[in-house]
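Structure first, commentary second.
Just so it is clear, none of the values below were taken in a lab; they were calculated from the coordinates. Just so it is clear, the model here is predicted, and its values are computed rather than measured. Every residue, glycine as well, gets a Cβ built from its backbone with ideal geometry; the counts of neighbours run over all protein chains shown.
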Amino acid sequence: MEKNRKWQTAGEVWKENAEFFVALLFFDCFSFLCLWLLDNRKSGKLAAIFVLFTGVIFVFLFLNKLKKKKKKFLYFQELLSDRNHLNRELNTDLLSFEEKWIIEKLREKIEDIEVEKKDKVLALQQQQEYVETWVHEIKTPISWLTLMLENREDEMSPKVYQKLQYMNVQLQEYVSQILYFSRLSYEHKREVMEWVSLRECIEYVLEEYEYLLTENGISIAKDLKIKEIFTDRKNLEFILSQAVSNSIQYRKEEKGQIIFSSYENGEKLCLCIEDNGKGVSEVDLPFVFEKGFTGSNGQENKKSTGIGLYLVKKLAENMKLVCSAKNREAGGFRLIIEFPKVEKEEIV
């Protein structure tokens, strides 16, 4: 590789100075012609001296140009290796006027980009702070609504109570989505890795959706061969909540079911959430994790946003997990999250 680069550099030196070297050759030819016209006995010796002298000049100039080319390459390499190097005083011996002008323009452009980048980072931080503040504030009225539904059910008609319960669950889900959506752009992630009980996480999420599950007659089944997974609890609960929400949203009219299962698959631990709902058409299946994609089911359900599974996919990628979706052979949808197998002895 190093040898190829040397030959490439030599070729570039020849191309850059080809006109000069050709002019030197033509000068020699003109000198030979003049000596031949003089018809002098010593013209042969003079011609040999010309050839030798020209060869020495050619070799000296070529090697000098090659050396300068290498120095310039190393100089540019050092200059670009560190942002601070670009601001130092330029080497006027190595650089031509055009090269110095280009570097100065690059400096100005980089400074403009840096200012623009800082402005964007500041705007993004302000947006994230606003979203988190908004989420914190909106939780207060949601908590009051939850408390009212728990204590004043007997004061409401069944229809009003049902609608308020549905609105309460939807509000909590939307707030959770916007919070996680905002956190996707964080430069420093906030995962807290720990050993998590799958059963406890599932039960926590099911409790949040208890009313909608009961109202829609959806039963729950669990087959958890893997009891614990090393992951971030809150992120896992969010993934589970989006899967449960989708299963409720795209249920069939007959009695529905959501099945949670966990098992080993080689060096992976798999968590599977599946239902017996409408499933996804084979045409739409490759796009279910794209932002805003709702597919044919979304056309029927006008409340579909296409954000839930997108957030699940992005969250899984941030945690270095593999996320995939399939249709069940018996009908319905299956979401699979693959976790790396971690032994407790490996965690220090």
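Give me, ordered by chain and number, the residues 5 or more places off GLN257 or on other chains with an amide H under 5 Å from its own placed amide H.
Amide H neighbours of GLN257: SER219, ASN276.
When the chain is fully extended, how far beyond the present Cα-Cα distance does ILE138 get from LYS69, taking 0.36 nm per residue of separation? Each step should come with its number before you reach the end.
Values: separation 69, 0.36 × 69 = 24.84 nm, distance 6.44 nm.
Here the segment from ILE138 to LYS69 would lengthen by 18.4 nm.
Taking a threshold of 30 Å on the Cα-Cα distance, which of the pairs LYS120/LYS313; LYS105/LYS320; LYS163/LYS227 fall above it?
Result: LYS105/LYS320; LYS163/LYS227 exceed 30 Å.
From the backbone phi of region 223-238, what are the Karplus-calculated ³J(HN,Hα) couplings (6.51 cos²θ - 1.76 cosθ + 1.60, θ = phi - 60°) in whole Hz, Gly and Pro given as x?
In residue order, the calculated couplings are 9, 9, 6, 9, 8, 10, 9, 8, 6, 8, 4, 5, 5, 5, 5, 5 Hz.
So what is the relative contact order for region 204-344, in percent, with contacts set as C-alpha pairs under 8 Å and at least six apart? Walk me through the numbers on the way to the answer.
Numbers: 227 pairs, mean separation 34.3, N = 141.
Relative contact order for region 204-344 comes out at 24 percent.
Give me the one-decimal nm value for the distance between modelled label points at LYS159 and ASN318, 7 Å along each residue's Cα-to-Cβ direction.
Taking the two extended label points, one gets 4.2 nm.
Take every DSSP beta bridge with both residues inside region 139-283 and express the antiparallel ones as a percent of the total, to the nearest 5.
Percent antiparallel among DSSP bridges in region 139-283 is about 65.
How many nm separate the modelled label positions at GLU253 and ALA330, each set 7 Å beyond the Cα in the direction of the Cβ?
Taking the two extended label points, one gets 2.2 nm.
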